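Engineer: Here's a structure for you.
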Amino acid sequence: MKKIILISCILMISSFSALAVTNPTEERAIIVSGSGTVQAAPDVAYVSLGVAHEKKTAKEAQASVNQTMSSVLAALDKIPLAKDKIKTTRINLSPRYDYDRGKRTFKGFMASNELKITLDDLSLIGKCIDTALNAGANDINYVSFALKEQETFKNEALKKAFANAKAKAESLAKASGTKLSKLIAIQESTADLVIPRGRMVKAKAAPLEGDSGSTPVAPGEIEVRGSLTAVFKLH
């Protein structure tokens, strides 16, 4: 009978955040949910940028983009950035049309080439962007941030979530005139990161005369959230 009650408690975890389960002749238990949050400064950044040109022919468009991207890569190499930190993520070539009153008129071809740059030194973000723009890049897709040791912060958030759940259980037990006993079961719900992300479009080249000319970037903090549900025995 005790095994049956335990299984019933676990099945109810997904449906209830806080519920007292009692049986006059058997064990009593309480199911509670808990949440925890940890703030952490990002230690890695991702910059997505590229080159996009429109020309009359596909060959001209692709050749123009290739030439400019070669200049961008050469400029980034002088920062310096390790080659394994720069990755091509997208190459595209497509026809372009104008539409007027249902009539389609061919304009030319749009070619593009996009890169993703990984930066362990966040102080280089502005310099990286400005260097690429001054070398001919004309499309900045986004700057995003992350944590290298994500699991460490997720575990910390879950620890806080458990403390929160236990505090709830103790409060409910006291209110019902009972006392909290041992932990019967626990189930993790989520452990997610809320990552700050900046987006810039139609960016223009900035002067590279000292730090004052660098594109300003504010990484902020990453919020790590954890939640779980726990079942405690009452006595």
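The values are calculated or read from the model by the stated rules, or taken from the named source; none is laboratory data. The structure displayed is predicted, hence computed values, not measured ones. Cβ placement follows ideal geometry from the backbone for every residue including glycine, while neighbour counts extend to all protein chains displayed.
Engineer: Being assigned to a loop (DSSP other than H, G, I, E, B) and small (Gly, Ala, Ser) narrows it down to one residue among 136, 126; which is it?
Structural biologist: 136
Engineer: Could I ask something else about it? Determine if the stretch 42-50 includes at least one residue that is in contact (Cβ under 8 Å) with a residue 60 or more places away in the chain, farther than 30 Å from residue 194 by Cα and of a type outside the set (Asp, Glu).
Structural biologist: No, the stretch 42-50 contains no residue that is in contact (Cβ under 8 Å) with a residue 60 or more places away in the chain, farther than 30 Å from residue 194 by Cα and of a type outside the set (Asp, Glu).
Engineer: Separate question: What's the total number of residues in the stretch 64-120 that are free of Cβ contacts under 8 Å to residues at least 12 places away in the same chain and closer than 13 Å to residue 131 by Cβ? Even if it seems obvious, please write down each step before you answer.
Structural biologist: The initial filter retains those residues of the stretch 64-120 that are free of Cβ contacts under 8 Å to residues at least 12 places away in the same chain, namely 67, 70, 77, 80, 82-84, 97-106.
Among the residues that remain, those that are also closer than 13 Å to residue 131 by Cβ are: 77, 80.
Residues flagged as free of Cβ contacts under 8 Å to residues at least 12 places away in the same chain and closer than 13 Å to residue 131 by Cβ within the stretch 64-120 amount to 2.
Engineer: In addition: Go over the candidates 177, 226 one by one and state the one that is at pLDDT 90 or above and in contact with a Gly (Cβ under 6 Å, 6 or more places away or on another chain).
Structural biologist: 226 is the lone residue from the list that is at pLDDT 90 or above and in contact with a Gly (Cβ under 6 Å, 6 or more places away or on another chain).
Engineer: Taking the condition of being modelled with pLDDT under 95 and in contact with a strand residue (DSSP E or B) (Cβ under 6 Å, 6 or more places away or on another chain), how many residues in the stretch 59-88 meet it?
Structural biologist: Number satisfying all stated conditions: 0.
Okay, residues lined up against (1) over 30 Å from residue 98 (Cα atoms); (2) surrounded by fewer than 18 Cβ atoms within 10 Å (Cβ to Cβ); (3) modelled with pLDDT under 95:
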site	(1), (2), (3)
110	no, yes, no
113	no, no, no
117	yes, no, no
129	yes, no, no
142	no, yes, yes
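Engineer: Take the residues of the stretch 29-57 that are under 23 Å from residue 155 (Cβ atoms) and β-branched (Val, Ile, Thr): which is nearest to the chain's Cα centre (by Cα)?
Structural biologist: Applying the filter and picking the extreme gives 44.
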